[in-house]
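First the structure, which I've put down as structure tokens, then a few questions once you've had a look.
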Amino acid sequence: MKTKQLPKSVKITNCTILDPFAEKEFAGEILLKNGKINDVGKSISADGVDELDANGAVVTHGFCDIHAHFREPGREDKETLVTGSQAALAGGFTTVCVMPNTNPPLDSPESISFIAEKAEDLPIQLYPIGAVTVGQNGKEMTEMGEMVKAGAVAFSDDGIPITDGEVMRLALEYSAQFDVPIINHAEDVDLRGTGQMNEGRWSTRLGLAGIPDVSESIMVERDLQVAGYTGGRIHVPHVSTEKSVHAIRRAKENGVNISAEVTPHHLYFDDSALQTYDTNLKVAPPIRSEADRDAMIGAISDGTVDCIATDHAPHTVEEKESPFEYAPCGMIGLESAFGAVWKMLSDKKMSLLDVVRKLTVMPRQIIGFDSDLFAKGAEAELVFLNPDQEWTFGFEHIRSKSRNSPFVGETLKGQVVSVVSRGQIISFK
Ligand SMILES: [Zn+2]
């Protein structure tokens, strides 16, 4: 990995420009001045500028992940804002929203300010998501208005669901005043019980307690109905079941103000992969059946699910080396995200433009960020891709402080060659 300061004026040449906002693809050039977009076009005449040969790479918007856990403050042994940012860059992500289930949680204007101030020195754009309830206790609402002023871009108690329907109603009503989404980890904890993996043929065969698919879709249904009733905005994270997809499709048809995301791992794996008992495949919601995975691929293709988000969740080797029943849920996912989703979705005939939109324009629009990154004057957030490159994901590709990835050893398709972010160009070749 090499990091260099961008020259004051630099023209990127010899590339295919993929514009996910205008939905165009063409051979062209990009002129950057002082780290900002000056021009994007077929051929740009500019004298006395440095040239950067992209060697035929596809150049597009930097990816945006609206669901990551960077563990700071409290568990800096797993990840910090700095190491999480490095993992993001390695995956082509230049904007990341971090979840508030830290220790202590991001549940006050002061804790949001703490992250927002630290973010100023990071090599990516990083934004905090605030907790819905104080201490994520599920009961007492946080000061959302003050937290939005301090920099919170959404609210979530992720890691745990908002079980109290009245709290969900209030959360949707309050957040609507600031036009920010509520993101609820949809899981009926009583139905989950002591479940370890998706309930079905494979849980029976492997002798692990099952988590039924309805434990997710029941709460998705409740959330969508409360959102419809209040007019608030709900974002459904890490959708994993066909039943949830049906619920989301129906609510969208009825005009409910909702969006949804799917993770790379729910697009890539099905529960037969658990036969290795690899604890890195223990996630919440669990890796589901083949039929569910097919439904996720269908839903991201037809737009029922709006975007891809990683749910990057670092854990220590010691924790993940414990027996399956005791291992915590979660896997890291930033570095492998593009190679995993492009492999799965190109195989299903999705175009590169469509897949890139799910990693750029769509997540940015859900949070309310500018999504036309090629507009003149926009701060340069670019990713250079080699989409045809097949490669084997290994520990050497991991920049996270943790290494809990079930993708190690998997052959992926599509590599991130370099990234432009915050006035720097970072190359991975
Ligand atoms: Zn979650």
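Every number here is computed from the coordinates shown, using simple stated rules; none is lab data. What you see is a predicted model; the values in this text were computed from it and never measured. Note: ideal-geometry Cβ built from the backbone for every residue, glycine included; neighbour counts use all protein chains shown.
Report for the range 171-326 the percent antiparallel among DSSP-assigned beta bridges with both residues inside it, nearest 5. Walk me through the intermediate numbers first.
Working: 0 of 9 bridges.
Rounded to the nearest five, the antiparallel share is 0 percent.
Find how many whole Å separate the alpha carbon centroid of the range 222-275 from the alpha carbon centroid of the range 103-159.
23
Is the C-alpha gyration tensor of the range 38-88 telling us rounded, prolate or oblate? Criteria: a/c under 1.5 is rounded; beyond that, a/b larger than b/c is prolate, otherwise oblate. Before the final figure, lay out the partial values.
Working: a/c = 3.67, a/b = 2.99, b/c = 1.23.
Note, shape of the range 38-88 comes out prolate.
Can you give the % of DSSP beta bridges in the range 1-155 that are antiparallel, to the nearest 5? Don't skip to the answer; put the middle values down first.
Values: 15 of 30 bridges.
Looking only at bridges with both residues in the range 1-155, the antiparallel portion is about 50 percent.
Students often check this: by mean Cβ neighbours within 10 Å, which of 177-186, 151-160, 395-404, 115-124 ranks highest, and how do the rest follow?
Values: 177-186: 21.7, 151-160: 24.5, 395-404: 19.2, 115-124: 16.2.
The packing order, highest mean first, is 151-160, 177-186, 395-404, 115-124.
For the chain, modelled as a GNM with alpha-carbon contacts under 10 angstrom, which of 280, 103, 254 fluctuates the most?
254
Give me the log10 of I(q) over I(0) for the range 239-345 at q = 0.12 Å⁻¹, as the Debye formula computes it from C-alpha points; what are the numbers?
With one equal scatterer per Cα and no solvent, log10 I(q)/I(0) is -0.42.
Could you check the spin-label model distance between residue 23 and residue 201? Points 7 Å from the Cα along Cα→Cβ, value in nm.
Going by the 7 Å Cα→Cβ label model, 3.8 nm.
Helix 81-90 versus the longest principal axis of the chain: what angle, 0 to 90°, nearest 10, using Cα atoms?
Between helix and principal axis, roughly 60 degrees.
Grab the beta carbon distance between residue 47 and residue 275, set R0 = 51 Å, and tell me the FRET efficiency rounded to 0.05.
Values: r = 62 Å, r/R0 = 1.22.
It comes to 0.25.
Shifting gears a bit: Could you give me D for the chain, from Stokes-Einstein at 4 °C and 1.567 mPa s, where the hydrodynamic radius is the Kirkwood radius over C-alpha pairs? Units µm² s⁻¹, please. Intermediate values should be presented prior to the final figure.
Values: Rh = 21.7 Å.
It diffuses with D of about 60 µm²/s by this estimate.
Just order 217-224, 287-294 by mean Cβ neighbour count inside 10 Å, highest at the front, would you?
Working: 217-224: 22.5, 287-294: 20.0.
Going by the mean number of other Cβ atoms within 10 Å, highest first, we get 217-224, 287-294.
Could you tell me the distance between the Cα centroids of the range 19-43 and the range 55-95, to the nearest Å?
Their Cα centres are 23 Å away from one another.
Oh, and also: What is the dipole size for the chain, taken about its Cα centre, with +1 at each Lys and Arg Cβ and -1 at each Asp and Glu Cβ, in debye to the nearest 20? Walk me through the intermediate numbers first.
Details: 41 positive and 63 negative charges, 175 e Å.
Dipole magnitude for the chain comes out near 840 debye.
Among the DSSP beta bridges whose two residues both lie in the chain, what percent are antiparallel, rounded to the nearest 5?
Working: 36 of 64 bridges.
Counting DSSP beta bridges with both partners in the chain, the antiparallel share is about 55 percent.
Relative to the longest principal axis of the C-alpha atoms of the chain, give the angle of the C-alpha long axis of helix 337-347, reported between 0 and 90° and rounded to the nearest 10°.
90
Suppose R0 equals 25 Å; then what is the FRET efficiency for residue 396 and residue 39 from their Cβ-Cβ distance, rounded to the nearest 0.05? Mind showing how you got there, number by number?
Details: r = 37 Å, r/R0 = 1.47.
About 0.10, to the nearest 0.05.
State, to one decimal in nm, how far the label point of residue 214 lies from the label point of residue 14, with both points 7 Å from Cα in the Cβ direction.
Roughly 6.0 nm, to one decimal.
Starting from the Cα-Cα distance between residue 191 and residue 324, subtract it from 0.36 nm times their residue separation and give me the gain in nm to one decimal.
Values: separation 133, 0.36 × 133 = 47.88 nm, distance 1.95 nm.
Extra length from residue 191 to residue 324 when fully extended: 45.9 nm.
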